[in-house]
Amino acid sequence: MQEIISLLTAKDDKYACAIADKIISESQDTDEWYEYFDVFASLLNHPKSYVRNRVLNILAANAQWDGENRFDSILDDYLSHVIDEKPITARQCIKALAQVGKVKPQYIPRIIDCFRSADLSKYKDSMRPLIKQDMTETEKALTE
C-alpha cells in the first residue's frame, strides 16, 4: 500500500505518470488494481495537482469494478474537483466523470447538477470556456 502511494507521489513526475498510465491501462481489462481503491481515494486531496490528476483517472478507470459501491463514499469528494483550484485538474475530473457515469449511471443526475451549479468565476477568462466545453461534452456523453 505505502509502495503504491510512493510510486504515485514520486518526485519524478514522468515516472509517476508512467506508473499511473500503467494502472489505468490495466484497469480497463482487469480488476487487479481495484483492491487498492481506498489507497487511491486517500490521494484525492493531495497537495500536488499532478497526483490528484492521476488518482482521478485511476479511480474512474476502476469504477467499472466497483461492485462493492465504494465509489459512493467518495463521490462528493470526487465531484469537488470539478472546481479544483487548478483548472487542468478540474478538466481532468470533468472528462473522467464520463467514464464514471457510464458504469455508474445512478451518479449521472448528481454529476450534471454539479456541472450546472459549478462557479467557474475563479478561473481565468482563457480557461473558463474550455472547462464549460468539457462539461458540455461530458454531459452529452452521459445522456446519449
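The values are calculated or read from the model by the stated rules, or taken from the named source; none is laboratory data. Quick caveat: nothing in here was measured; it's all calculated off a predicted structure. Cβ placement follows ideal geometry from the backbone for every residue including glycine, while neighbour counts extend to all protein chains displayed. In case anyone asks, the SASA skips ligands and DNA or RNA and just uses the protein heavy atoms, side chains included. Shrake-Rupley method; radii C 1.70, N 1.55, O 1.52, S 1.80 Å.
What to note about this one:
- One residue stands out in segment 21-40 among those that are within 15 Å of the chain's Cα centre (by Cα) and among the charged types (D, E, K, R): the one that is surrounded by the fewest Cβ atoms within 10 Å (Cβ to Cβ), namely Asp38.
- Which listed residue is open to solvent by 60 Å² or more (accessible area, probe 1.4 Å) and more than 17 Å from Phe37 (Cβ to Cβ), from Ser73, Ser80, Ser117: Ser117
- Residue check for Tyr36: assigned to a helix (DSSP H, G or I), under 28 Å from Tyr123 (Cα atoms) and among the aromatic types (Phe, Trp, Tyr): no
- With respect to the stated conditions, Val55 fails to be open to solvent by 30 Å² or more (accessible area, probe 1.4 Å), touching a helix residue (DSSP H, G or I) at 6+ places or on another chain (Cβ under 7 Å) and closer than 21 Å to Tyr36 by Cα.
- Pairs linking a residue in segment 100-127 that is assigned to a helix (DSSP H, G or I) to a residue that is surrounded by 11 or more Cβ atoms within 10 Å (Cβ to Cβ) and of a type in the set (S, T, N, Q), with Cβ atoms under 6 Å and 6 or more positions apart or on different chains, are Val103/Gln64.
Quick grid of which residues meet (1) at pLDDT below 95; (2) under 22 Å from Ala10 (Cα atoms); (3) in contact with a Cys (Cβ under 9 Å, 6 or more places away or on another chain); (4) of a type in the set (Phe, Trp, Tyr):
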{"position": "Trp65", "(1), (2), (3), (4)": "no, no, no, yes"}
{"position": "Ile74", "(1), (2), (3), (4)": "no, no, no, no"}
{"position": "Glu85", "(1), (2), (3), (4)": "no, yes, no, no"}
{"position": "Thr89", "(1), (2), (3), (4)": "no, yes, no, no"}
{"position": "Gly101", "(1), (2), (3), (4)": "no, no, no, no"}
{"position": "Arg110", "(1), (2), (3), (4)": "no, no, no, no"}
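- Pairs with Cβ under 7 Å, 6+ apart, first in segment 6-20 and farther than 16 Å from His46 by Cα, second open to solvent by 40 Å² or more (accessible area, probe 1.4 Å): Ile19/Leu7
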